[in-house]
Amino acid sequence: MTETLVTAPEHRPTTPVLRPDGPRKKRNALRKGETFWAFILIAPTAIGLGVFSIWPTFQTFFFSFTTWGSFGGHTWSGLTNYLQVFQDPELGQSLINTFIFTAMTLISVPLSIGLAALLNRKGLRGVSVYRTLYFLPVVTLPAAIGLIWRLLYNGDYGLINWFLGLFGIEGQHWLSDSSTAIYAIGIVSIWSSVGYNMVLFLAGMQSIPSDYYEAASIDGAGKIRQFFRITIPLLTPTTFFVTVITVINSLQAFDLIYLMIGKDSPALAKSETVVFLFYQKGIIQGQGGYAAAIAFVLLALILIITLFQFRVQKRWVHYG
């Protein structure tokens, strides 16, 4: 009887073997999940932007080529509204008023820098109270600001004329005089915006490393020289941002004009802005097509000025 030698099978460790495409599938699945949630999170903003901003913009552009009837109907009129825009002296005067108002509000930029520098000093007592007081106009409703300043500017019983009377200066009707109305509103705009700009400049100043000031002190530079040689140059990105926002907001000024002047004021011709003229033509007079053309002229103007600011900023804004 012969015996057969049976050898046991070789035992090999059963270590897991990773497939070469395993990590890639996991990364792809992770990216798909992140993309899905990214779309979910931005969907409310994108829908709101599309419904309330982008779609009305296309509608307004279409209406700018139409003429509206008395009952809301409109007919295609081609370039008639745009030809009328460039021949309208009222629009020319409103553009002048808008540029004057914008130039005045730009005064708030250096004022805000100076105010932020004062409130950024170390050891200043009650600094939180000062910052709150200067920021209060920002959180106040424009309607309340307009009505309060309208009372202050009143020519008969306003507080400003009473104060000027203490020094023997005769006051006047600031808001009904065409020579002072736009400047009176400009002062209110500066007052209401300086707190917001101050907070931005204050944040910019506090982000400047203290090493620069310590090195300048060792070299013998005083506070004023440090301010103009270190603070101002390093604040140029913030200054550029504040300037762009201030110009755009000023070119769209409406609420203060509406609340402080009104559509029946004798000073309206010398104080109405382009947006107020858009309101007059579109809402009061029912010229929807012409008002839409005015809106697009203003949009083109803002776009040109903003692009010019971005073009010029390479020469004076220092990053890093």
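Longest segment of the chain with no GluC sites (Glu not before Pro) in a DSSP loop having at most 11 other Cβ atoms within 10 Å?
Excluding the exposed sites themselves, the longest stretch runs over 11-169.
Straight distance only, please: which lysines reach the Cα of LYS223 with their own Cα at less than 17 Å, same-chain residues fewer than 8 apart left out?
Once the sequence-local lysines are set aside, what remains near LYS223 is LYS122.
Can you work out the Karplus-derived ³J(HN,Hα) for every residue in region 253-264? Use 6.51 cos²θ - 1.76 cosθ + 1.60 with θ = phi - 60°, whole Hz, and x for glycine or proline.
Using θ = phi - 60°, the values come out as 4, 8, 4, 5, 5, 5, 7, 9, 9, x, 7, 10 Hz.
Working with all protein chains in place, sort ILE208, ILE305 by solvent-accessible area computed with a 1.4 Å probe, largest first.
ILE305, ILE208
Counting only C-alpha contacts under 8 Å and six or more residues apart, can you give the relative contact order of the chain as a whole percent?
Relative contact order comes out at 26 percent.
From the phi angles alone, apply the Karplus equation (6.51, -1.76, 1.60; θ = phi - 60°) to region 229-237 and give each ³J(HN,Hα) in whole Hz, x where the residue is Gly or Pro.
Going residue by residue, I get 9, 10, 5, 4, x, 6, 8, 4, x Hz, with x marking Gly and Pro.
Please identify the longest segment of the chain free of exposed chymotrypsin sites (Phe, Trp or Tyr not before Pro), where exposed means a DSSP state other than H, G, I, E or B and no more than 12 other Cβ atoms within 10 Å.
So the longest stretch without any such site is 168-315.
Ignoring ligands, DNA and RNA, what percent of the 1.4 Å accessible area of region 159-238 is carbon and sulfur?
Result for region 159-238: 64 percent of the exposed heavy-atom area is carbon or sulfur.
Please report the relative contact order for region 215-320, taking Cα pairs under 8 Å with a sequence separation of at least 6, and give it as a percent rounded to a whole number.
Result for region 215-320 is 33 percent.
Can you list the aspartates and glutamates whose alpha carbon is less than 18 Å from that of LYS26, not counting same-chain residues fewer than 8 positions off?
GLU34
For region 84-149, what % of the accessible area comes from carbon and sulfur atoms, probe 1.4 Å?
71
Counting helices only, and only those DSSP H runs with n ≥ 4, report the 222 nm mean residue ellipticity of the chain as the sum of -39,500 (n - 2.57) divided by its residues, in deg cm²/dmol to the nearest 500.
After summing the helix terms and dividing by the residues of the chain, the value is -19500 deg cm²/dmol.
Report the local net charge at GLY171: Lys and Arg +1, Asp and Glu -1, summed over other residues whose C-beta lies under 12 Å from its C-beta.
That sum, taken over residues with Cβ under 12 Å, equals -3.
Check HIS74: other-chain or 5+ apart residues with amide H under 5 Å from its amide H, H built from backbone geometry?
GLY69
Quick one, which of (i) 211; (ii) 339; (iii) 194 is the actual volume of the Cα convex hull per residue in Å³ calculated for this model?
Given (i) 211; (ii) 339; (iii) 194, the structure-derived one carries the label (ii).
Quick one: ranking MET104, MET260 by accessible area, 1.4 Å probe, largest first, what do you get?
Ranking MET104, MET260 by accessible area, largest first, yields MET104, MET260.
Starting from the Cα-Cα distance between TRP37 and GLU90, subtract it from 0.36 nm times their residue separation and give me the gain in nm to one decimal.
The span from TRP37 to GLU90 would gain 14.0 nm if fully extended.
Under the rule that an exposed site lies in a DSSP loop and has at most 13 other Cβ atoms within 10 Å, name the longest stretch of the chain with no trypsin sites (Lys or Arg not before Pro) of that kind, not counting the sites themselves.
Segment 126-262 is the longest.
Hey, what's the chain come to in accessible area per residue, 1.4 Å probe, Å²?
66
The values are calculated or read from the model by the stated rules, or taken from the named source; none is laboratory data. As the structure is a computational prediction, the values presented were derived from the model and not from experiment. Using ideal geometry, Cβ is built from the backbone for each residue, glycine included, and neighbour counts are taken over all protein chains shown. Side chains included, ligands, DNA and RNA excluded: accessible areas come from the protein's heavy atoms. Shrake-Rupley method; radii C 1.70, N 1.55, O 1.52, S 1.80 Å.
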